[in-house]
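The values are calculated or read from the model by the stated rules, or taken from the named source; none is laboratory data. Note that the structure is a prediction, hence the values are computed from the model and not measured. So basically every Cβ, Gly included, is an ideal-geometry build from the backbone, and we count neighbours across all protein chains shown. Just so you know, the surface numbers come from the protein's heavy atoms only, side chains and all, with ligands and any DNA or RNA stripped out. Shrake-Rupley method; radii C 1.70, N 1.55, O 1.52, S 1.80 Å.
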Amino acid sequence: MTPVNFNQLYYFYLVAKEGSIARVSEQLHVTAQTISGQLAALEHSTGNVLFVRSGKRWALTELGRVTYRYAEEIFQLGNELRMVLRGHIVTGK
């Protein structure tokens, strides 16, 4: 089994949150094709469709919504870890 590619998951998370590849492309200063390619690679590696096109926006499938909830938790924990490593907060975990 192939581990989750967190770079692909991060692009997925941002597009799901923003609803637009173009907006995320501007935020991250990468091409829309890069993001689109990473989303396609994530879907290919999982064997699941996570987005459907709805006009100019990207809408989540049911499995995409489940994936988004996991991604949100993963990246929230990552932010917490970053704060711990920077010495801004101390946790008992």
(request) Tell me the label-point distance for the pair Thr34, Asn79, using the 7 Å Cα-to-Cβ offset, in nm and rounded to one decimal. (result) 2.2
(request) Return the single residue from Arg53, Arg69, Arg82 with maximal mean-square fluctuation; model: Gaussian network over the chain, springs between Cα atoms under 10 Å. (result) Arg82
(request) Report relative contact order for the chain in percent, whole number only (criteria: Cα-Cα under 8 Å, sequence separation at least 6). (result) 26
(request) Given the options Leu39, Leu81, Leu63, state which has the largest fluctuation in a GNM of the chain using a 10 Å cut-off (strictly under) for Cα springs. (result) Leu81
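What number comes out for the charge environment of Arg23, summing +1 per Lys or Arg and -1 per Asp or Glu over other residues with Cβ under 12 Å away?
Working: positive: Lys17, Lys56, Arg57; negative: Glu18, Glu26.
With Lys, Arg at +1 and Asp, Glu at -1, the net is +1.
Got a sec? What order do His29, His88 fall in by accessible area at 1.4 Å, biggest, i.e. largest, first?
Working: His29 160, His88 115 Å².
From most exposed to least exposed: His29, His88.
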(request) Please list, in chain and number order, the residues 5+ apart from Phe51 or on another chain whose amide H is under 5 Å from its amide H, with Hs placed from the backbone. (result) Thr61
(request) Give me the distance between the Cα centres of segment 62-82 and segment 1-27, rounded to whole Å. (result) 11
(request) Would you list the membrane-span-like helices of the chain, meaning whole DSSP H runs whose alpha-carbon atoms span at least 27 Å along their axis and whose mean Kyte-Doolittle value is at least -0.5? (result) 62-85
(request) Leaving out ligands and nucleic acids, note down the accessible area per residue over the chain with a 1.4 angstrom probe, in whole Å². (result) 70
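Can you give the extra length, in nm with one decimal, that the chain gains between Thr46 and Arg69 once fully stretched, where that is 0.36 nm per residue apart less the Cα-Cα distance?
On the way: separation 23, 0.36 × 23 = 8.28 nm, distance 1.62 nm.
Length gained between Thr46 and Arg69: 6.7 nm.
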